Amino acid sequence: MRKLIAFDNETINALKLLASDRTSSLQELADEAFADLLKKHGRPTDLKDALRQSLRRLPANDHQPPADKRPIGTGGAGRRKPSAARRR
């Protein structure tokens, strides 16, 4: 697929210089830049990445409580000991 992207003269000259220094093409620079941008924002760059990200981390039938919450009925949260001020 082909798309046109407009650059100002300074940017295109800098990109051409970078490409020649690295012995690569503008297309290779663009591919690398867009892949880095997608990775930065957590987007898949190819089908393999998309399938890997689509996997669920916890299977549907595993009912494990979150690590930061205790199951109901533990800890005695409903009853408090009377404080010293209330006992007087």
Scanning the range 21-52 for residues that are hydrophobic (A, V, I, L, M, F, W, C) and within 20 Å of residue 2 (Cα to Cα) gives 26, 29, 30, 33, 34, 35, 37, 38, 47
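Scan the range 1-58 residue by residue and report those that are in a helix (DSSP H, G or I) and of a type in the set (Lys, Arg). Please lay out each step first, then the result.
Step one: of the range 1-58, the residues in a helix (DSSP H, G or I) are 9-21, 26-40, 47-54.
Across the range 1-58, the qualifying residues are 16, 39, 40, 48, 52.
At pLDDT 60 or above and assigned to a helix (DSSP H, G or I), is that true of residue 67?
The answer is no for residue 67.
Inside the range 23-64, can you point out the residues that are small (Gly, Ala, Ser), exposed (fewer than 10 other Cβ atoms within 10 Å of the Cβ) and either at pLDDT below 65 or over 14 Å from the mean Cα position of the chain (by Cα) (or both)? Show your work before the answer.
In the first step, residues of the range 23-64 are kept if they are small (Gly, Ala, Ser); the result is 24-25, 30, 33, 35, 42, 50, 54, 60.
Those left that are additionally exposed (fewer than 10 other Cβ atoms within 10 Å of the Cβ): 42, 54, 60.
The one that is small (Gly, Ala, Ser), exposed (fewer than 10 other Cβ atoms within 10 Å of the Cβ) and either at pLDDT below 65 or over 14 Å from the mean Cα position of the chain (by Cα) (or both): 60.
The values are calculated or read from the model by the stated rules, or taken from the named source; none is laboratory data. Predicted model, so just to flag it, every value in this text is computed and none were measured. Please note: Cβ atoms are built from the backbone with ideal geometry, for glycine as well, and neighbour counts cover all protein chains shown.
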